[in-house]
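**Q** Before I ask anything, here is the structure I am working with.
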Amino acid sequence: MVRTLFVAALALGVAAPAYADFVPINDRDTFLRVVDGRELRLGVFQIALTITPDGQINGSALGWDVAGTWSWEDGYFCREIDWSGKAIPYNCQLVEVQDDAKIRFTVDKGAGDEATFNLR
């Protein structure tokens, strides 16, 4: 039955709702409008972070504290973090937002791995 409905929807040109693409954030003010007062969450790793306008990063990951600092440099979010005594080195990241509901960080100025957080 579900398969029949799916085929019928395709034949009629009915599509699933489209999700907006991720849009790059290129400046500090826009970045702060997106994250200020909100929590960034990534459930699979139990990550919950806050990023404050004064350059601080605070939260937890897998039950351990996360603390760090950030700045905005040449269109990128640059941060260094301590995760319960383990230093995560300085890195500048491409930041993109989707529908003011998700934010994606891609390390090495967009050339490396990425992580997508829900904005709460």
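The values are calculated or read from the model by the stated rules, or taken from the named source; none is laboratory data. In this text, all values refer to a predicted model and were calculated from it rather than measured experimentally. With ideal geometry, Cβ positions are generated from the backbone for all residues, glycine too; neighbour counts draw on all protein chains shown.
**Q** Please verify whether segment 86-101 includes one or more residues that are in contact with a Ser or Thr (Cβ under 9 Å, 6 or more places away or on another chain) and polar (S, T, N, Q).
**A** Within segment 86-101 (the criterion being in contact with a Ser or Thr (Cβ under 9 Å, 6 or more places away or on another chain) and polar (S, T, N, Q)), the answer is yes, since at least one residue qualifies.
**Q** Still on this structure: Which one of these is modelled with pLDDT of 95 or more, crowded, with 18+ Cβ neighbours inside 10 Å and of a type in the set (D, E, K, R): 79, 41?
**A** Unique residue meeting the criteria: 79.
**Q** Quickly run through segment 87-100 and pick out the residues that are loosely packed, with under 12 Cβ neighbours inside 10 Å and of a type outside the set (Asp, Glu).
**A** 87, 89
**Q** For segment 22-43, indicate whether the set of residues that are over 21 Å from residue 120 (Cβ atoms) and part of a loop (DSSP other than H, G, I, E, B) is non-empty.
**A** yes
**Q** Any idea which of (1) surrounded by 16 or more Cβ atoms within 10 Å (Cβ to Cβ); (2) assigned to a loop (DSSP other than H, G, I, E, B) is the one residue 54 doesn't satisfy?
**A** Failing condition for residue 54: (1).
**Q** Any idea how many residues of segment 59-76 are touching an Asp or Glu at 6+ places or on another chain (Cβ under 6 Å) and either buried (at least 16 other Cβ atoms within 10 Å of the Cβ) or not in a strand (DSSP E or B) (or both)?
**A** Within segment 59-76, residues that are touching an Asp or Glu at 6+ places or on another chain (Cβ under 6 Å) and either buried (at least 16 other Cβ atoms within 10 Å of the Cβ) or not in a strand (DSSP E or B) (or both) number 1.
**Q** Looking only at residues that are closer than 17 Å to residue 110 by Cβ and in contact (Cβ under 8 Å) with a residue 24 or more places away in the chain in segment 55-93, which one is nearest to the chain's Cα centre (by Cα)?
**A** The qualifying residue nearest to the chain's Cα centre (by Cα) is 77.
**Q** To continue, here is another question. Find all pairs meeting these conditions: Cβ atoms under 6 angstrom apart; at least six residues apart or on different chains; first residue within segment 26-54 and within 14 Å of residue 65 (Cα to Cα) and touching a residue at least 60 places away in the same chain (Cβ under 8 Å); second residue surrounded by fewer than 16 Cβ atoms within 10 Å (Cβ to Cβ) and β-branched (Val, Ile, Thr).
**A** Between residues of segment 26-54 that are within 14 Å of residue 65 (Cα to Cα) and touching a residue at least 60 places away in the same chain (Cβ under 8 Å) and residues that are surrounded by fewer than 16 Cβ atoms within 10 Å (Cβ to Cβ) and β-branched (Val, Ile, Thr), there is no close pair.
**Q** Suppose we keep only residues that are of a type in the set (D, E, K, R) and touching a residue at least 24 places away in the same chain (Cβ under 8 Å) within segment 98-118. Which one would you say is farthest from residue 81 (Cα to Cα)?
**A** By that ranking, first place goes to 99.
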